[in-house]
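None of the figures in this text is laboratory data; all of them are computed from the coordinates on show. Predicted model only: the values in this text are computed from it and were never measured. With ideal geometry, Cβ positions are generated from the backbone for all residues, glycine too; neighbour counts draw on all protein chains shown.
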4 protein chains.
Amino acid sequence: MTSRTDSQAAAPNRTTDRLEAFSDAVLAIAITLPVVELHAPRSDDGDLAAGYLRLAPDYAAYGISVILIGLYWAHSHFTGKLLRKTDHGYNLLSVGFLAAVSITPFPARPLLEHLVSDAESKTAAIVYLGVAAAPATWWFLRWIYATARSLTDPRLTDAYLNRITIKYGITAASYWAAFAVAFWDWGVGLIAAGIVTLTYLVPPARPAFKTDVQSTTALEMADKKRD
Amino acid sequence: MTSRTDSQAAAPNRTTDRLEAFSDAVLAIAITLPVVELHAPRSDDGDLAAGYLRLAPDYAAYGISVILIGLYWAHSHFTGKLLRKTDHGYNLLSVGFLAAVSITPFPARPLLEHLVSDAESKTAAIVYLGVAAAPATWWFLRWIYATARSLTDPRLTDAYLNRITIKYGITAASYWAAFAVAFWDWGVGLIAAGIVTLTYLVPPARPAFKTDVQSTTALEMADKKRD
Amino acid sequence: MTSRTDSQAAAPNRTTDRLEAFSDAVLAIAITLPVVELHAPRSDDGDLAAGYLRLAPDYAAYGISVILIGLYWAHSHFTGKLLRKTDHGYNLLSVGFLAAVSITPFPARPLLEHLVSDAESKTAAIVYLGVAAAPATWWFLRWIYATARSLTDPRLTDAYLNRITIKYGITAASYWAAFAVAFWDWGVGLIAAGIVTLTYLVPPARPAFKTDVQSTTALEMADKKRD
Amino acid sequence: MTSRTDSQAAAPNRTTDRLEAFSDAVLAIAITLPVVELHAPRSDDGDLAAGYLRLAPDYAAYGISVILIGLYWAHSHFTGKLLRKTDHGYNLLSVGFLAAVSITPFPARPLLEHLVSDAESKTAAIVYLGVAAAPATWWFLRWIYATARSLTDPRLTDAYLNRITIKYGITAASYWAAFAVAFWDWGVGLIAAGIVTLTYLVPPARPAFKTDVQSTTALEMADKKRD
């Protein structure tokens, strides 16, 4: 008991509470901020109904930004549970991820303005897909770092951790593949990236624990951490 | 004890702490963000008092947005108490609700600019009522999901849960009714929606608990969750 | 033990944790949002140094907004400690306070643009003082409500609670007095309001507790609440 | 036991939880807000690719703002661990620091627009370096205050506290030196400030504890505070 507390106090590591709070706050802002880009028609803009309809790409841009960031939030909610602690490197990688995800609403409106095929559609799609691939890449790098530095819950089985690693790796690779494909056919690239994103609507797999360390003490430690 | 902790650790569910924190953060941003739309008159805009007065619809829009979002926050504060845990589906429905409520300030200014009856009043009212009906609908769906998936506190009586379900269902239906009525008489639609909203100024009903499960253990579990 | 937990679970009241979190989030946004109003000079605006200097009233507006909101935050940090619990009414009054304080940066720039006496100075000062008086009034009303509904820590002495009531009442009254004086001499009004604001730089008085209830049990309850 | 709780309850001090939450919220907003300044090209702006490329200084400004604020957050995550409690003065100094760090994105875009040497480069660099020196100064003052008022964890050795004091002092002094140097050679000033900033990528030194007070009780108190 003394040695555990000792090492916890002495190491410049902490439980994930503050990281999760900061992360949630950034994601909350990132998901809400696109509303600022929505400017309701002014009374001197003429026909109000037409003014509202003209903003259709803006609504759709808000919609896809909410879906993308919302799914990241829901899954960060889950992966936070898999970590035992955080450290300086993990925090910095988290800042990178958060900055990358916060910027994803930026190229969404041009994408939707040019969704009906025109001369700029390919550019709009490539830019969007490149920006959307970034947070998936940070997310994957952060997870690799967490496993390499043993920040994960020691009770999780290696098989489970590997499955998560493969899942996040495939996701990042798929986004980059969609980005590459968009140079050849932007529609196919967008559909591919959309499918990858929507697979995250499926709840994450139930964590698998090593049976031998599932002593009462280990469970209580875990419990304490969750409180 | 072991089995409970075990299942809690193994299931991809968590207590509602992080969801509540995320939800509060989004609502805090949504309630504050309309201030960004308020631009004080510049010194080269001429008469300052007239400049401030010209912004009257903006102030009123800020006011009604604060009331609507503030009431949702106060009631989410309360319903959070009724839940025992959250899951992936509930989190995603919460993202939907939060996105819907965040966008309610968007059509508020046009509504108030056209509140004195003119050619655009009906359009402004219909758009506002449609946007305002969305979060109530998400809220109701989320609650239905929570009861169907038994995310609610198991100590609550079925009668109490049903009363809440009916209340939220009536609210969502009333907003849509107000929206429909607005096609016929926009003033009546607005008044109806306003009355529905203001009923939420009344504090929520005191939860009713099953007497048979009110053992010390159950209470302590609940207590632990609240800490 | 059972009865206390019981009543806590049954009443639609909760500890102040979530209210404080929401309040902190709104204040954090309100204090940071004025930065959005600061637009660095563009490269085609001509002389950069002149461009930066032209923004002087904007910097000053940011400064006074930070001071005002920062002091409210620091004192809400303190009064949160005096409360035992919150309820629906207190939450709604808090929303009112937060909305009022969030809007205080709005009339700050015109105030500072017209601080060197000109034709618009009186208007700018009166608007600012009226807007600044609002959060102090909500703050006072919220406190009155908290004492009337016994939301405060029962261990605090009546003398102490009365001293706080008087302090908050005088503050709100002073802001309105400064507002009224500004119709006659806007400079005097501003100086008076500035002095009232800056008295809050002084740390709040140390809470005084009733000696008779300071049993171990009461202390432990309080301790539990703070954790 | 009674005396400790007593003094904790009686003093207008609190654990650092709420300060950390507020601080994290402000930093989360400050790091995300520069996204609002990014406006994707409109469809009537002509060539989309050119429109995106024209925003290069804006992307770079976002990048350096994220790095600067992200590093402050990661280190505030760490220094929060070194404090035992906070008080009114420390809270107000924190507001000063947070306001100073929130404004650092403001002069970033002009800096990057003029990074290729031109007539305005020196002005842009001097303004940026002055603004960047401010949060480092508040950070240092806040730390000095914390040590002077014994807000730090009493178990930390004096040698360790002194090392931190020297580190923060050198950082603040270096930023001001870079600012001063920029009047003579703005490029050298920027590089110096950049190096100082990037040294914070290195994880902070592991806290050193006095061995004699490391009794079980002290550790348990610390543990309790962390929960």
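Before moving on, here are some points about what is shown:
- Relative contact order for segment D:13-226, counting Cα pairs under 8 Å that sit 6 or more residues apart, in percent: 22 percent
- Structure-based [θ]222 nm, chain B - -39500 (n - 2.57) summed over DSSP H runs of at least 4, per residue, nearest 500: -23000 deg cm²/dmol
- FRET E, pair D:Leu115, A:Arg42, Förster distance 35 Å, beta-carbon r, rounded to 0.05: 0.40
- Across A:Lys81/B:Lys167; B:Lys81/C:Lys167; B:Lys167/C:Lys85, pairs whose alpha-carbon gap is larger than 29 Å: A:Lys81/B:Lys167; B:Lys81/C:Lys167
- With K and R counted +1 and D and E -1, the other residues having a Cβ less than 13 Å from that of D:Tyr128 yield a net charge of 0.
- Given charges at Cβ of Lys, Arg, Asp, Glu: the protein assembly as shown dipole, positive-most of D:Ile103, A:Leu27, C:Trp176: A:Leu27
- Dipole moment magnitude, nearest 20 debye, segment D:32-152 about Cα centre, only Lys, Arg, Asp, Glu C-beta charged: 900 debye
- Cβ charges +1 (Lys, Arg) and -1 (Asp, Glu), total dipole of the protein assembly as shown, debye: 3640 debye
- Burial ordering of D:Lys122, C:Lys167, fewest other beta-carbon atoms within 10 Å first: C:Lys167, D:Lys122
- Label separation (C:Trp184 vs B:Asn162): 6.7 nm, computed from points 7 Å beyond Cα along the C-beta direction.
- Per-residue average of Cβ from other chains inside 10 Å of C:63-72: 3
- Gaussian network model of chain D, springs between alpha carbon atoms under 10 Å - residue of D:Tyr90, D:Tyr168, D:Tyr52 with greatest fluctuation: D:Tyr52
- Basic side chains Lys and Arg get +1 at the Cβ, acidic Asp and Glu get -1 at the Cβ, and with that the dipole of chain B about its Cα centre reaches some 1000 debye.
- Teacher prompt: A:Leu141 distances to equivalent labels in other copies, 7 Å Cα→Cβ, nm: 3.6, 3.6, 5.1
- Per residue of D:88-96, other chain Cβ atoms within 10 Å of the residue Cβ number 5 on average.
- Of the residues B:Leu71, B:Ala124, B:Ala148, the one whose Cα sits farthest toward the positive end of the charge dipole of segment B:13-226, with +1 on the Cβ of Lys and Arg and -1 on the Cβ of Asp and Glu, is B:Ala148.
- Value of Rg to Rh for segment B:49-97, rounded to two decimals, is 1.28; Kirkwood radius and Rg both from alpha-carbon coordinates.
- Quick note on segment C:13-226: its Rg to Rh ratio, both from C-alpha atoms and Rh being the Kirkwood radius, is 1.06.
- Treating each Cα of segment B:39-149 as one equal point scatterer and applying the Debye formula with no solvent, the log10 of I(q)/I(0) at q = 0.12, 0.19, 0.23, 0.24 Å⁻¹ comes out as -0.56, -0.98, -1.20, -1.26.
- Helices of chain B meeting both criteria, an alpha-carbon length of 20 angstrom or more along the long axis and an average Kyte-Doolittle score not below 1.0, with helices taken as full DSSP H segments, are B:88-102.
- Hydrodynamic radius of the protein assembly as shown per Kirkwood, over alpha carbon pairs, in Å: 29.1 Å
- Averaged over peptide D:55-61, the number of partner chain Cβ atoms lying within 10 Å of each residue's Cβ comes to 1.
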